[in-house]
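Okay, so here's the structure we're looking at.
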Amino acid sequence: MGQPELALSAFCPQPEVVRKQTLVERSKFPCIDAHNHISYWVTKQNDPAAIPRLLEIMDACNVRAMFDLRIESDRPIEELLDLYQPRERFYVLATIPFKQLMAESDEFGLAAARYLDEQFRRGAHGLKMYKSMGLTLRDRQGQLVHYDDDRLAPVFEVCARHNRPVLYHIADPTAFFKPLTPTNERWEELQGRPTWHFHGEPYPGFAELMEVQDRFVGKYPAVRFQSAHVCSYAENLAYVGGLLDRRANLYCDISARIGELGRVPRAAREFLIRYQDRLLFGTDVTPTAEQFGVHFRFLETDDEYFDYGTGPTPGQGRWCIYGVQLPDDVLRKIYSENARKLYGYR
């Protein structure tokens, strides 16, 4: 008698191995979530109690402050600064309407610099730039505009003058840039989100984006940069380490990458300890006690083979992760001290 066929999407095996399971409800030391998009979450809630509810979660989990990267929100920054009370619990980063400015003029860099200067004067704590730069944004001649484009120099001059950091996102996981074949480890995720697949024309290759990142950060030594998602190359910690070694003005956050780091726990632990002064804690997920707890468990415990998400199905790929059990002095830096050093005290 033949076995019935089973769709991969329906296959959710439960490990039989007996493992230690540590519940970490609060971070061991106060932490700052230095990569999140809470204005999107608050807007989606459409509830005046959303911020008080968020503060309850933060207090319960020992989260001292959170970042709002805004997802290129049109909402005035003053409105957000007034919404986020008490103000010392939140950092709000500026975004620039690059698509609009590029469509209007070839001098988009100057216009963007003027816009950003005003955002900083109104209270923005830094600048957030999205992966659309170099992936989809094109000038009026139809050419991709990369981070190291000379026309963007006025923007970074404004950041240097105001002493404000730049948090940028340059690429997505390497699998997103490869053919969508049965060997692609993110096949399920990309099937569900086809707009995340950047293989082939009209997109640049992953290696090209990494070269742009290196040139770009080196081009502006007076600007402090925070590269999102372990410099967008958590699959290759040797590369990220080399980049950090070359570029003294570069920091990176671990947001949305514990799934990558936790499957190579020995290499990840060595990396996190070696670059402990340059790494920031972040989640890039809807703030819940469960999501914070998974991140704390990864950083603080030596638990083995546990889910890196909180849902019933794989979020990024069909694997589990291991805790890296960082020393206390390293935890303090990654959880909050580096963010305070980079952005100011909260």
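Every number here is computed from the coordinates shown, using simple stated rules; none is lab data. No experiment lies behind these values; they were computed from the predicted model shown. In this analysis, Cβ positions are derived from the backbone assuming ideal geometry, glycine residues included, and neighbour counts consider all displayed protein chains.
Per-structure values
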quantity: Computed over the stretch 1-137, Kirkwood Rh from alpha-carbon pairs, angstrom; calculated: 18.4 Å
quantity: Ranking of H35, H197 by count of other Cβ atoms within 10 Å, fewest first; calculated: H197, H35
quantity: Sequence-separation-based contact order of the stretch 93-247, relative, with Cα cut under 8 Å and 6+ spacing, percent; calculated: 24 percent
quantity: Loop trypsin sites (Lys or Arg not before Pro), the stretch 137-194 (other Cβ atoms within 10 Å of the site Cβ: 15 or fewer; DSSP); calculated: R140
quantity: Part-to-part distance (alpha-carbon centres) for the stretch 193-224 and the stretch 229-272, which is given in Å; calculated: 16 Å
quantity: Sorted by Cβ neighbour density within 10 Å, fewest at the top, the residues C252, C61, C31; calculated: C61, C252, C31
quantity: For the chain, built as a Gaussian network whose Cα springs stay under 10 Å, the top-fluctuating residue of P287, P173, P202; calculated: P202
quantity: Distant-in-sequence amide H partners of M129 (H built 1.01 Å from N, under 5 Å); calculated: L167, Y168, H169
quantity: Max mean-square fluctuation residue, GNM over the chain, Cα-Cα springs under 10 Å, options S336, S105, S132; calculated: S105
quantity: The chain - charge dipole about Cα centre, Lys and Arg +1 at Cβ, Asp and Glu -1, debye rounded to 20; calculated: 720 debye
quantity: The stretch 198-346 - convex hull of the alpha-carbon atoms, volume per residue in Å³; calculated: 130 Å³
quantity: Loop-located trypsin sites (Lys or Arg not before Pro) in the stretch 260-344, at most 16 other Cβ atoms within 10 Å (DSSP); calculated: R318
quantity: R266 versus A248: modelled label distance in nm, points set 7 Å from Cα along the beta carbon direction; calculated: 3.4 nm
quantity: Rel. contact order, % - alpha carbon contacts under 8 angstrom, at least six apart, the stretch 188-323; calculated: 22 percent
quantity: For the chain, calculated [θ]222 nm from helices alone, where every DSSP H run of n ≥ 4 adds -39500 (n - 2.57); calculated: -10500 deg cm²/dmol
quantity: HN-Hα J in Hz across the stretch 127-143 - Karplus 6.51, -1.76, 1.60, θ = phi - 60°, x for Gly and Pro; calculated: 10, 10, 10, 9, 5, 4, 6, x, 9, 10, 6, 10, 7, 6, 8, x, 8
quantity: Listed values (i) 0.96; (ii) 1.08; (iii) 0.99, entry calculated as Rg/Rh (Cα atoms, Kirkwood Rh); calculated: (i)
quantity: Trypsin sites (Lys or Arg not before Pro) restricted to the stretch 1-60 and DSSP loop, no more than 12 other C-beta within 10 Å; calculated: R19, K20
quantity: Residues whose placed amide H lies under 5 Å from that of T288, excluding near-sequence neighbours; calculated: none
quantity: Ascending count of other beta-carbon atoms within 10 Å, so fewest first, for F67, F198; calculated: F198, F67
quantity: Hits among aspartates and glutamates - C-alpha to C-alpha of K28 under 14 Å, sequence gap 8 or more where chains match; calculated: D59, E300, D328, D329, E337
quantity: Phi to ³J(HN,Hα) by Karplus 6.51 cos²θ - 1.76 cosθ + 1.60 over the stretch 9-21, Hz, x for Gly, Pro; calculated: 5, 9, 8, 10, x, 9, x, 8, 5, 7, 10, 6, 10
quantity: Kirkwood-based shape ratio for the stretch 88-200, expressed as Rg/Rh from alpha carbons; calculated: 1.06
quantity: The chain, relative contact order in percent, only Cα pairs under 8 angstrom and at least six apart counted; calculated: 20 percent
